[in-house]
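Below: one structure, written as structure tokens.
Readers should treat all values here as calculations from the given coordinates under stated rules, not as data from a laboratory. This is a predicted model, so every value here is computed, not measured. So basically every Cβ, Gly included, is an ideal-geometry build from the backbone, and we count neighbours across all protein chains shown.
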Amino acid sequence: MKSVFSRREFLVTSSAAAVAAGLGAGGWPAPAVAPSLRSPNDELRVACTGIRGRGRAHIDGLAAVPGVRVVALCDIDENVLAARAVEMESRSAVKPKRFVDYRRLMEDRQIDAVTIATPNHTHALVAIAAMEAGKDVYVEKPCSHNLWEGRQLVRAARQFRRVCLHGTQARSSPAVREAIRLLRAGLIGEVYLARGLGFQWHPSHGPVADEPAPSGVGYDLWLGPAPKRPFSRDRFHCHWRWHWDYGNGDLGNQGVHEIDLARWGLGVGLPTTIHAAGAQFMFDDGPPTREPLVALFEYPDERKMLVFEARPQSASHADSGPGHASAPGVTFYGTEGYVQVFYFGYRTLLGPKREPGPHAAGGPNEFERFVRAVRSRGAQDSGVEAQQGHLSAAVCHLGNIAYRLGRKVTFDPRSETFPGDPEANALLSREYRLPHVVLSPLARDAR
């Protein structure tokens, strides 16, 4: 990581270090967790679930960490499962176990930890099952499909005393962590606004007819908690993100990264007032529209605001790279300047003349941090712990609820409900299709 320090940064370094010590790695004290299945010096045996896209990066990332072995793969698509297993065998001579049903994987007591990169609507379902089986978890963003099941994920991590980290990787970047330390230490004065911006190119593919599920695809398992309906490629693989039954739109796809950074820098949890606007951003039987989605989250007690804007594409790719005003990432505005955090680095502009200040760049190491947390069981090694993952995902869910209702909503962060608003409260959870039900730990105890 390359870092450039100014005189002003030097003056706040000592207070920044003190703030960082109080924050912990995830910005929230991690709970005490039970010992791992084996000695900290033993080989850590990990299974990866959902391995077509992001899960493939899980396999590669874990393979690069000393003392770790990916011993099992799980995917509802046997074609993907076979392809990844062959890749592993040809590269490392490791022959992983193969599972189509994640529930069978959880029965294997030789597996210490599970990483999850399935579609959003099964993230909490698989993660809670893993923790109940005594396995530590790394779950991709967002950790939940709705706000209620995110809270159950946190409760499960506490009850089963498991490490549960969230896949918003920016917090693992040394440069980004440096930016937040300086921000919290007062580099730009009082911070009052964080603006997140995300670009995702989503080409239209038009309506797609229903058809039989492809050979080797466990479609009922893929549907999981979602309602039963015929198979369609319009709702499968990456396209599921734009359907409420499975995904959370771009706010819960790309936006959760920016929301997590923004919350971290502002030092806030859940908002009390939420506004959202935009054209039809999800679609059922036709192509998505190309209008942006803008969500505004208000924190009146903290005197702060958080704004996120999703764009299907930028107006000019030339001005959307790191360091430009329209770069994807988060810009923090303060009384004495601003800090722009991008992937994976930051820059600062200070004072009325916008003079360049500290800047740095350095990529994340999320799988190394996950492995350290599993081995040490310590808060200091955590990435984005379950509580912080839940809060960041929940902010996205709140924005989607306001958007779907087409109006402002008022939220109580303590009860995690909308007081006196049954229409909004109905969207805090979902109807689960049996037997794929996310249960609270208390309900599991009563079985």
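Summarising the amide proton neighbourhood of V68: residues at separation of 5 or more, or on other chains, whose placed amide H is nearer than 5 Å comprise L44.
The packing ranking of peptides 414-424, 351-361, highest mean first, is 351-361, 414-424, where packing means the average number of other beta carbon atoms within 10 angstrom of each residue. Among the listed pairs K141/K304; K95/K135; K141/K353; K304/K353; K97/K228, those whose Cα-Cα separation exceeds 31 Å are K141/K353. Between the alpha-carbon centres of the range 383-437 and the range 60-100 there is a gap of 35 Å.
Highest average first, the peptides 229-241, 42-54 ordered by how many other beta carbon atoms sit within 10 Å of their residues are 42-54, 229-241.
With the highest mean first, a sort of the peptides 251-262, 91-102 on other beta-carbon atoms found within 10 angstrom per residue produces 251-262, 91-102. Pair-distance distribution of the range 142-274: all C-alpha pairs, bin width 10 Å, starting at 0; shares per bin in whole percent are 9, 29, 31, 21, 8, 2. Note on the range 87-183: the alpha carbon radius of gyration divided by the globular reference 2.2 N^0.38 Å gives 1.25. Taking other Cβ atoms within 10 Å as a rough exposure proxy, I59, I128 sort from fewest to most as I59, I128.
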